[in-house]
Amino acid sequence: MTQQPVKVALCGPPHSGKSCLREGLKQALMVLHRAGQSPYPYVLTACPDGEGAWYSEAAQRDPALAKQLKTAYKTKFTWEFTDRVAASVRDISEPLTIIDLGGMIDEKNRKILQYATHAVILAGDMAQVPVWKETCSDLNVQVIALLQSDYEGTCDRIDSETPMITGSIHYLKRGQDVSNRPMIQTLANYLVGLCDCWAH
């Protein structure tokens, strides 16, 4: 049985905390990887907002410099960028890839998302979730988690872990280490489980 790559898109409206979630997941998975319990988590930023995988660590060390670099790296969401990222998602062969998707449902994001295998939907306003679920369904991408981004909250809430993770994650703020949050840990362990069983 051939192990197939797991490609997890982080979806949801703008300003939901997807980049913070991405960084927290990456750090949690790196701990599991160093313990021999997870494949190396490959992270792909699929939005030209200047906030690549480097940003969170840079923001912790020097927030002003990180902001300056983000502005310098930010570009327009062109079809050239879209085609390049979509091809990367399509062709990636790493066991586990996390894809930080842009916050708009449009043809560019759909082109990238179609090559994901799974999706995590994060939204501050849960009324915006159905359109993302429908988009994932249209593209045959399995939604594995529906998470509320509770910026004012003081703790995570895990409502269910199977067949889908649901609940909330609190205070996703840039520069914060969120890797030990209960929801991040739950999601990281779920992704490791997918890598163990996701095969044709």
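The values are calculated or read from the model by the stated rules, or taken from the named source; none is laboratory data. Quick caveat: nothing in here was measured; it's all calculated off a predicted structure. Note that each Cβ is placed from the backbone with ideal geometry, even for glycine, and that neighbours are counted across all protein chains shown. Surface accessibility is based on the protein's heavy atoms, side chains included, excluding ligands, DNA and RNA. Shrake-Rupley method; radii C 1.70, N 1.55, O 1.52, S 1.80 Å.
Right, residue 85: part of a helix (DSSP H, G or I), open to solvent by less than 60 Å² (accessible area, probe 1.4 Å), closer than 17 Å to residue 15 by Cα and not small (Gly, Ala, Ser) or not?
Numbers: part of a helix (DSSP H, G or I): yes; open to solvent by less than 60 Å² (accessible area, probe 1.4 Å): yes; closer than 17 Å to residue 15 by Cα: no; not small (Gly, Ala, Ser): yes.
Here the answer is no, as residue 85 does not meet what is asked.
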*Cross-chain or 6+ apart pairs with Cβ under 8 Å, the range 30-42 first and free of Cβ contacts under 8 Å to residues at least 12 places away in the same chain, then assigned to a strand (DSSP E or B) and of a type outside the set (A, V, I, L, M, F, W, C)*: 30/41; 33/41
*Segments classed as strands (runs of 3 or more DSSP E), wholly inside the range 125-185, with at least 1 members that are small (Gly, Ala, Ser) and within 17 Å of the chain's Cα centre (by Cα)*: 142-150, 165-170
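Check whether at least one residue in the range 178-196 is of a type in the set (S, T, N, Q) and open to solvent by less than 10 Å² (accessible area, probe 1.4 Å), and report yes or no.
Within the range 178-196, the subset of a type in the set (S, T, N, Q) is 179-180, 185-186, 189.
So of that shortlist, the ones also open to solvent by less than 10 Å² (accessible area, probe 1.4 Å) come out as none.
No, the range 178-196 has no match at all.
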*Tell me which residues, restricted to the range 10-45, are buried (at least 23 other Cβ atoms within 10 Å of the Cβ), within 16 Å of residue 118 (Cα to Cα) and of a type outside the set (Lys, Arg).*
10, 11, 12, 21, 25, 41
